[in-house]
Structure formats: structure tokens, C-alpha cells
Amino acid sequence: MIKSIVNFMRRSPEREAEENEEVLKARLDPSRIPRHVAVIMDGNGRWALRRGMPRAYGHRAGVESLRDVVRVSSEIGLQVLTVYAFSTENWKRPQEEIDVLMNLLVEYLHKEIDELCRNNVRVRAIGKIDELPAHARRAVAVAHERTKNCTGLVLNIALNYGGRTELVEAVRAIAVKVAGNELSPDDINQEVISRHLYTAGQPDPDLLIRPSGDYRVSNFLLWQLAYTEFWLTDVMWPDFRRVHLLKALVDFQRRHRRFGGLN
Ligand code: IPE
Ligand code: IPE
Ligand code: MG
């Protein structure tokens, strides 16, 4: 009795997280792991301000969460993980904050690339990449090239990404094909549209995770989220760890997706 009380008092938060992780992993049905999980990495700024720190401090802390989530996604055998890192609307922020975000991206890719390769992770950037600053474009190109033969997890990093822009680009590409008699208007269907999106060839997300207590889509994957399950949490992105992802997956596996049908 006394021994168990002593043991209980000795439990550190890390130990507790490890135990939780084991319990959650054991609860996961390996045959029903979602194919594609999308994450809106939100709440960095508020997390930092609550600690009396500048917003940049929160962005830096958020990179740790990304590392953790990529590792566990790869371990459990997800096919695709899409993370929202910078939206087409985020250019409205002060230049100083934009610079911090771009520098962190470059640093993340630079530091992680070896581990990503070792873990067979294929890195892809989705969004209007040509509008990014040159050093960010270069880092993306290097990561793309280095991981192009990897066959494990596909990590889509949404950068200068906007769901509406993605649809505009798809419509334009289809219009060019119609004008060039490559495609007839009668042949345009959902599958053709999907094939012209940045996520062409990938399954739609099964699960969307948004931390930080905001309940909105913020122009993310507008077409692809048609039947995605949502998992929202008040946890801020810099506090988001593998246990939160595992919890989201366990909850996901309890849901009944009907796609408009009855079962
Ligand atoms: C997410 O955190 C990072 C980006 C949007 C690039 P925020 O910077 O939006 O943090 P909050 O939402 O203001 O707390
Ligand atoms: C969404 O977060 C974009 C990213 C996480 C990159 P925002 O913070 O930009 O979204 P809003 O402005 O709260 O809707
Ligand atoms: Mg935000």
C-alpha cells in the first residue's frame, strides 16, 4: 500500500504521458488506421502571449510538436499527413512574423531531413510555392529531391496554401485543357477536379485536427474535407504531442462514417 503511494507520487508528467501513450496505442485498431490526417497547426501566438513571451517563441515551440506528430504518424503507418504551416492569408501578418515563420521552415527542413529520410518520409509542399521567399523555395526543393524515393509516410506541408486558390488553379488548368480540345466540358467530373488539385492521387483526409479552441476551417482543403471527420481541442499547438494525436485516432475509430448513406 505504502509502496504504491510512493510510486504514485514519483510519477513524472513524462512517465504519465508514456503510460498514456502505451494505453492509447493498445486501444488503436491497426487495421483501421486512417489513411490521411490533416492538421491545422494553430495557437502558437496565443500560447506564447499567455507566457508573456513574443509570438515567435510560440512558433519555435510549435516546431517541436510537428516533430513529435510526424514521428508518431510514421510509426503507426499513416499514408499521408498534411500540416497547415502558412496560409495565403497569413501574408497579412507583420513582415517580422512572416520572416520568423519562413526561417523556422528552412531550419526545420534542414535539421530534420536526415531523420525524415531514415524514416522513409516523403516530403511534399502544397500551395503557391513559387511565391515563397527564395531560401524557403530552395529548402523545399532540397527536401523534395532528397525524399523523392521514400515510400513511407507522405508529409504534405501546406505553405502559402489556400483552398480557394487551389480551386482557382485547378479550374484554370482544366479550362486550358478544354480550350486546347484536350478535354470536353462533358467529361469534367469530381474525379477530374480532384486530379487537378495539389493533393492529386492522394486519398481525401479521413480526419482533420484543429487545436487551439477555434472551430473553423480557415481556407484549408475545402474540396478534400467534404466527408472528413473533425477533431477539435482547446490544447494549443505548442502543447500538442503524440498522445493527443493518438487520442484523436482512438476517437476517430469510434465514429460511424456514413457518407450520406445509412451504415
Ligand atoms: C499558427 O499559430 C501558425 C500560423 C498561422 C502560421 P498562430 O500564429 O495563428 O497562433 P494564434 O492563433 O495567433 O494563437
Ligand atoms: C490557420 O490559422 C493557418 C495555419 C495554421 C497555418 P490562422 O491563425 O491563420 O487562422 P485564423 O485567422 O484564426 O482563421
Ligand atoms: Mg491562429
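The values are calculated or read from the model by the stated rules, or taken from the named source; none is laboratory data. Quick caveat: nothing in here was measured; it's all calculated off a predicted structure. All Cβ positions, even for glycine, are placed from backbone atoms using ideal geometry, and neighbour counts span all protein chains on display. Note: accessible area is taken over every heavy atom of the protein model, side chains too, but ligands, DNA and RNA are not part of it. Shrake-Rupley method; radii C 1.70, N 1.55, O 1.52, S 1.80 Å.
If the condition is being more than 14 Å from ligand 2 (Cβ to nearest atom), open to solvent by less than 40 Å² (accessible area, probe 1.4 Å) and within 13 Å of His36 (Cβ to Cβ), then region 212-243 contributes Gln224, Thr228, Glu229. Would it be correct to say that Ser65 is open to solvent by less than 40 Å² (accessible area, probe 1.4 Å), assigned to a helix (DSSP H, G or I) and polar (S, T, N, Q)? Yes. Of Thr147, Thr151, which residue is open to solvent by less than 80 Å² (accessible area, probe 1.4 Å) and hydroxyl-bearing (Ser, Thr, Tyr)? None of the other options fit; the residue is Thr147. Restricting to region 18-43, name every residue that is within 11 Å of ligand 1 (Cβ to nearest atom) and open to solvent by 20 Å² or more (accessible area, probe 1.4 Å). Once the filter is applied, which keeps residues that are within 11 Å of ligand 1 (Cβ to nearest atom) and open to solvent by 20 Å² or more (accessible area, probe 1.4 Å), region 18-43 yields Met41, Asp42. From the list Pro185, Pro203, the one residue that fits, being surrounded by fewer than 19 Cβ atoms within 10 Å (Cβ to Cβ), under 19 Å from Thr82 (Cα atoms) and at pLDDT 95 or above, is Pro203. Of the residues examined, Met53 is not one that is within 13 Å of ligand 2 (Cβ to nearest atom), among the aliphatic types (A, V, I, L, M) and either open to solvent by 10 Å² or more (accessible area, probe 1.4 Å) or over 12 Å from the mean Cα position of the chain (by Cα) (or both). In region 98-127, of all residues being in contact with a Gly (Cβ under 8 Å, 6 or more places away or on another chain) and not aliphatic (A, V, I, L, M), the one that is nearest to ligand 3 (Cβ to nearest atom) corresponds to Gly127. Can you spot a residue in region 112-122 that is touching a strand residue (DSSP E or B) at 6+ places or on another chain (Cβ under 9 Å), crowded, with 20+ Cβ neighbours inside 10 Å and basic (Lys, Arg)? Yes; the residues of region 112-122 include at least one that is touching a strand residue (DSSP E or B) at 6+ places or on another chain (Cβ under 9 Å), crowded, with 20+ Cβ neighbours inside 10 Å and basic (Lys, Arg). Cβ separations smaller than 8 Å between residues 6+ apart or across chains give the following pairs from region 130-150 residues that are closer than 22 Å to Gly162 by Cβ to residues that are part of a helix (DSSP H, G or I) and basic (Lys, Arg): Asp130/Arg137. Contact map, region 38-64: residues that are among the acidic types (Asp, Glu) paired with residues that are more than 11 Å from ligand 2 (Cβ to nearest atom) and assigned to a helix (DSSP H, G or I), Cβ distance under 7 Å, separation 6+ or inter-chain. No pairs are found.
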